[in-house]
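A quick write-up on the structure given underneath.
Here, each number is a calculation from the coordinates, and none is a lab measurement. Predicted model only: the values in this text are computed from it and were never measured. Reconstructed Cβ throughout: ideal geometry from the backbone, glycine too, with neighbour counts over all protein chains shown.
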Amino acid sequence: MSSKLDRRSFLRLSAQFAAAGSLAAALPSALTAQQPAASPAPAPAAPKAPPKPPALPPEKVQAAVVQSHRSLAKVTELVNETPLLANACWDWGGGDFETPMQAAAHTGQREIAEFLLSKNARIDLFTAAMLGHLDFIKASFALNPQVHLIPGPHGFTMLHCAKQGGEKAKPVYDWMLAQGVPEVFQRPLAYVWPEGTAPTATPPNAAKT
């Protein structure tokens, strides 16, 4: 038998080796494909909310808001007894929500607002305007140039609250006017009346019966 391969035999052997190499390369992928996919790791359990006591009595919530219109002594007593009342919120009807801070803001009760801030009350546009925090107001306008149109409790505007703040809030008042904010102190709230409950306006010249 000749030790030399003719050209035809060489090509045939080369083709067989190439086919064998391709099969060997494909075997690991085929074996991997036949193995069942690994199950995904279970998602971490969501943290459970800490237990809470019952909701605060509505009369306490309302009292905190009512007294923030007028009485530092009573607000101090209420909030010292129940600290989270500093961020209470009361609905006067139809979604006319008000917090103690907002009550103090639209009535110019600086001492009450400062006390509430010391008890971790959340400051907002109306309180910042009444307290004269011009940088806060400027930053708010930078975020939303129409921010002055947002109605506060009972429809009172930021400009109204700045006016209630007196001399310490005058820089806020003057700056807002310089930005073209109209001298509007109260806007109607967008109430949604249940069917059949909306009041009907009586024409001024309507005959009385």
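Numerical summary
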{"quantity": "At R0 = 30 Å, FRET efficiency that the Cβ-Cβ distance of Ala139 and His69 yields, to 0.05", "calculated": "0.60"}
{"quantity": "In range of the label at Lys168: residues from region 67-102 whose backbone nitrogen is under 19 Å from the point 7 Å along Cα→Cβ", "calculated": "68-76, 100-102"}
{"quantity": "Built amide H within the under 5 Å cut-off of Phe97, gap 5+", "calculated": "Trp92"}
{"quantity": "Sorted by Cβ density within 10 Å, fewest first, the residues Ser68, Ser140", "calculated": "Ser140, Ser68"}
{"quantity": "Amide hydrogen neighbours beyond the local backbone of Phe156, cut-off 5 Å, H modeled", "calculated": "Arg187"}
{"quantity": "Region 93-209: relative contact order as a whole-number percent, Cα under 8 Å and 6+ apart", "calculated": "26"}
{"quantity": "Point-to-point label distance, Phe185-Thr197, nm (Cα→Cβ direction, 7 Å offset)", "calculated": "3.0"}
{"quantity": "Region 97-209: C-alpha gyration tensor shape, a/c 1.5 cut-off, then a/b vs b/c", "calculated": "prolate"}
{"quantity": "Inter-part distance where region 176-193 and region 55-78 are each reduced to a Cα centre, Å", "calculated": "27"}
